[in-house]
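The values are calculated or read from the model by the stated rules, or taken from the named source; none is laboratory data. Source: prediction; values computed, not measured. A quick note on method: Cβ atoms are made from the backbone with ideal geometry, for glycine too, and the neighbour counts reach across all protein chains shown. Note: areas computed on protein heavy atoms with side chains; ligands, DNA, RNA excluded. Shrake-Rupley method; radii C 1.70, N 1.55, O 1.52, S 1.80 Å.
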Amino acid sequence: MPSYTRSERFLSLFTTLRAGEGRSAYLLCAQSFLIMLAYYLLKVIREPLILADGSAELKAYTTAVQAFLLMFIVPVFARLYQRASSRNEKHHLFRNSLLFFLLNLVAFGVAYKLGWHIGIVFYVWLGIFSVMVLALFWAFAADLFNLKSGQRIFPLIAASSALGALLGSGLAGELYLRVDHDGVIYCAALLLAIPWWLSARTEHCVPADSKSHVSAPLDVRPYPFTEGFQVVWRNRYLTLIAGFVILLNLINTNGEYILATFVTEQVHSGATDSTAEDYITLFYSKYLFLTTLISFLIQLFLVSRIFDRIGIAGALYILPILMLINYSLIALIPILAVARAALIAENSVYYSLQTTTRHALFLPVNRQEKYVGKHTIDTFLFRLGDVFSGGFVYLASAVIGLGIVGFVMINIILATALLYTSRAIGRGHHTAAAEHLSNRPPVLITPLQDLSIPAGQSSQLDLAADTFVDNDVGDALRYQAYLFYAQKLPNWIKFDGLNQRFEFNPPRNIKGSSKIRVVARDFEGLEAESSFTLTWGP
């Protein structure tokens, strides 16, 4: 039986891991951490760059420009995927795309040093970079792992992303003071060079039982111009995910508008001791820090356990239900403190559990849908959702004159629609998963035998490698031991669930016996068990 390394034992504190998966998990965690660290360094400097070259209104228009450009990038990407799909290396498309963006960054650094005005172009470029690279990275990760392995390892990767975002937003200001804008750009390029190098080595580290074997339909004909959009439209499951993303953006944008309205009303009421600019800056600084921090903690400690208990389909329900509760509370108690707490809770879950769940939804689909379909949804349709959201807020507030209560009621209606969409996606996920994998309970192969040990001496019992076997590809077992029936083990009995090892040290000159039950539980909660009688004495 393969043993767990020290690093795998550490990762097992946060998710269920199989021996041998640690190296690939660490490599992907490092890549996601560095990509988000680089992005947040760039995200902080983009604001002064565009404001130096334009206005706040111009910044708002760039989202529409990004959506327009992505409308043409999606077909080009589909053609690139078709060329890359014939290669054996799964990292090829992600790695070469990352190299392209890395070289872009070097060019931006040189242009800034020469005194060129790069603010507007850089702002548009960074918006496209953020959605494209993240979509490609998660498609690459989904292409590496099968469904059961991916839903165990994805929370670790997403937690690393959250940590990268947290550190990047905190370090960017200090780094800018030391090396200026072009120095930050070069630092981000150096950071991206590391995942570019690591990506080629990652897929060779994935154990055979954890690998994805889902292929793409063979099609040698050149893709039509609209292939990226057709991939989403042809598959009802992907169409539902696209609708989910647009709905989610609309609700979230409305929520941010509601919070901003409460903040400005607080300032205009004269209830603050500081200036309007200082109050708003301090408010959003604390708000974003708390949101990012709570998001990271949820990602690290809860997401894997939620996937374990209720699965990916069940995790989809959590954010819509939370939104219904939040906006109902705001409708009942329309004050800043309630809106602030509600939006912190909503965004914390959105950036952690909901984002990881959305990426995991692509684990059971074929390769073309992982890359082309996911790229279309996470880039063009995501940005299109932003455009719809901004247009809706403008229409409802400036043209119709809808107040806070109106926006709250609309969000309650939209959250209800999101809940029904989540239900439909959950059913689609079950169907897609059933086409590739079914979950069967673990099987007891070698029953445990009764054991007699001497009192006052240390003894050890290693479970045989085939005591329990799980025939599901990519599944992992978690082992626990109890006194029969559900009591905790006494202090002198230690059980190492990772290495399936008992250590006994019964008190001297005392005899007795106990029945011990060992339970093997898979990631979705199905169990098998075996018991043995332990006797000890002088």
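Give me P(r) over segment 70-163, computed from all C-alpha to C-alpha distances, binned every 5 Å, as integer percentages.
Going out from 0 Å in 5 Å bins, segment 70-163 shows 2, 11, 17, 20, 17, 15, 10, 5, 2, 1, 0 percent.
Here is the link list: 43/113; 90/148; 211/374; 488/511; 148/488. Which ones come out longer than 27 Å on Cα distance? Each step should come with its number before you reach the end.
Numbers: 43/113 19 Å; 90/148 19 Å; 211/374 19 Å; 488/511 19 Å; 148/488 30 Å.
From 43/113; 90/148; 211/374; 488/511; 148/488, over 27 Å: 148/488.
For the chain, what % of the accessible area comes from carbon and sulfur atoms, probe 1.4 Å?
62 percent
Taking every DSSP beta bridge that has both residues in the chain, what percent is antiparallel when rounded to the nearest 5?
About 90 percent, rounded to the nearest 5.
Using 0.36 nm per residue, how much length does the chain from residue 110 to residue 515 gain when fully extended, once their Cα-Cα distance is taken away? Write out the running numbers ahead of the final one.
On the way: separation 405, 0.36 × 405 = 145.80 nm, distance 7.19 nm.
That works out to 138.6 nm of additional length.
Do the sum for the chain: with -39,500 (n - 2.57) for every DSSP H run of n ≥ 4, divided by all residues, what is the mean residue ellipticity at 222 nm, to the nearest 500 deg cm²/dmol?
It comes out at -21500 deg cm²/dmol, rounded to the nearest 500.
Could you check the simple spin-label distance between residue 469 and residue 190, using points 7 Å along Cα→Cβ, in nm with one decimal?
In this crude label model, residue 469 to residue 190 measures out at 5.2 nm.
From the list [x] 26.2, 88; [y] 21.8, 65; [z] 26.3, 98, can you say which value of Rg and Dmax of the Cα atoms in Å was derived from the structure given?
Structure-derived value, by its label: [x].
Under DSSP H, which helices of the chain have Cα atoms covering 24 Å or more of the helix axis and a Kyte-Doolittle average no less than 0.0?
22-53, 56-84, 92-113, 119-144, 147-202, 236-268, 276-301, 404-436
How big is segment 446-521 on each of its three principal axes, counting only the C-alpha atoms and giving the largest first in Å?
48, 22, 19
Could you give the dipole magnitude of the chain about its Cα centre, charging the beta-carbon of Lys and Arg +1 and that of Asp and Glu -1, in debye to the nearest 20? Intermediate values should be presented prior to the final figure.
Values: 42 positive and 37 negative charges, 201 e Å.
Computed about the Cα centre, the dipole is about 960 debye.
Within the chain, what's the longest run with no trypsin sites (Lys or Arg not before Pro) in a DSSP loop and at most 15 other beta-carbon atoms within 10 Å? Give the range, please.
It works out to 88-487.
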